[in-house]
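What follows is a short report on a single structure.
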Amino acid sequence: MKVVFFCGGLGTRLRGHQDTTPKPMVSIGQRPILWHLMMYYAHYGHRDFILCLGYLGNQIKDYFVNYREWHSNDFELRGDSGEPVLLNKDISDWKITFVDTGLHSNIGERLAAVRPFIGDDPYFLANYSDGLSDLPLDRYVHTFLEKNKVASFACVRPSQSYHVVDLEEDGTVVGLRSASESDTWINGGFFAFSQRIFDYLGEGEELVEEPFQRLIVESELTAYRHSGFWACIDTPKDKKAFDEMESRNHRPWQVW
């Protein structure tokens, strides 16, 4: 299946990065989060990628056009050439399509813009490009195909702790519990779609707003509960958490 990455957002809550780096290019170790995601999908056999570009999209283009494969692979230097001879490779069998989908487009508009590049494939995958997980993609895809729905997403537990408040009409608090104690599931940003999704997507609409509501009415939207690792980079605190995991060589998302 082709994999569509939504890479064009402004990332306005990631202070200190959004002015100079597109959110999918924020680094985790030596490589950007987008690379980690692409490695994840490639591990499961999905190596045909479509990047929906927008804000600072040229940085993403430049990164892959000038990709330094020896940064994440062993190599030798032979003779006087000084050129690295790779002992293994990571992206040589990838196909990456770069599509400018607009600076201020929403997710639905970006998806509509890349529809011609999806071609006639009946199904495809998509991702927000800001979160990593050890989601068992093979099982997730199998479940999606088995249910024969238009769309699916992986729902996960929130990675940040917060309190759920139950209120009366007058503002009286009648319940206060941590999110871990509640049955809270959120959209993890890992999607699977049938081409029929475009029948539900109107011009200018945000993907998970009007289209998903139409799918819900027709019982054509399903979710896959994943209780394993999931975290996104949305704030400086999130970035720090990933840096700390990387410093400990603790990479639960690295299934390859």
Item to complete: Only Lys, Arg, Asp and Glu count, each charged at its Cβ (+1, +1, -1, -1), so figure out the dipole size of the range 201-248 about its Cα centre, rounded to 20 debye.
Response: 440
Discussion item. Probe radius 1.4 Å, ligands and nucleic acids left out: which of ARG251, ARG68 has the largest accessible area, and how do the rest follow?
Written reply: ARG68, ARG251
Practice prompt. For the pairs LYS147/LYS237; LYS23/LYS147; LYS89/LYS149; LYS147/LYS239; LYS23/LYS95; LYS95/LYS237, note any where the Cα-Cα span goes beyond 30 Å.
Written response: LYS147/LYS237; LYS23/LYS147; LYS89/LYS149; LYS147/LYS239; LYS95/LYS237
Discussion item. Quick check: the distance between the Cα centres of the range 79-117 and the range 179-234, to the nearest angstrom?
Written reply: 25
Item to complete: Go ahead and collect, in residue order, the members of the range 217-256 whose backbone nitrogen is under 15 Å from a label point 7 Å along the Cα-Cβ direction of SER72.
Response: 246, 251-256
Worksheet item: Taking Cα pairs under 8 Å and at least six residues apart, what relative contact order does the chain come out at, in percent?
Response: 24
Practice prompt. Between LEU87 and ASN148, take the C-beta separation as r, use R0 = 51 Å, and let me know the FRET efficiency to the nearest 0.05.
Written response: 0.70
Worksheet entry | Calculated P(r) tail over 28 Å for the chain, as whole % of Cα pairs | 38
Worksheet entry | DSSP bridge pairs, the chain: antiparallel proportion in percent, nearest 5 | 50
Fill in: Nearest-0.05 FRET efficiency for SER227 and GLU169, computed from C-beta distance (R0 41 Å)
0.75
Worksheet item: Which whole-number value in Å³ per residue fits the convex hull of the alpha carbons of the range 163-229?
Response: 153
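The values are calculated or read from the model by the stated rules, or taken from the named source; none is laboratory data. If you're wondering where the values come from, they're calculated on a predicted model, not measured in any experiment. Please note: Cβ atoms are built from the backbone with ideal geometry, for glycine as well, and neighbour counts cover all protein chains shown. Accessible surface is based on the protein model in full, side chains and every heavy atom, while ligands, DNA and RNA are left aside. Shrake-Rupley method; radii C 1.70, N 1.55, O 1.52, S 1.80 Å.
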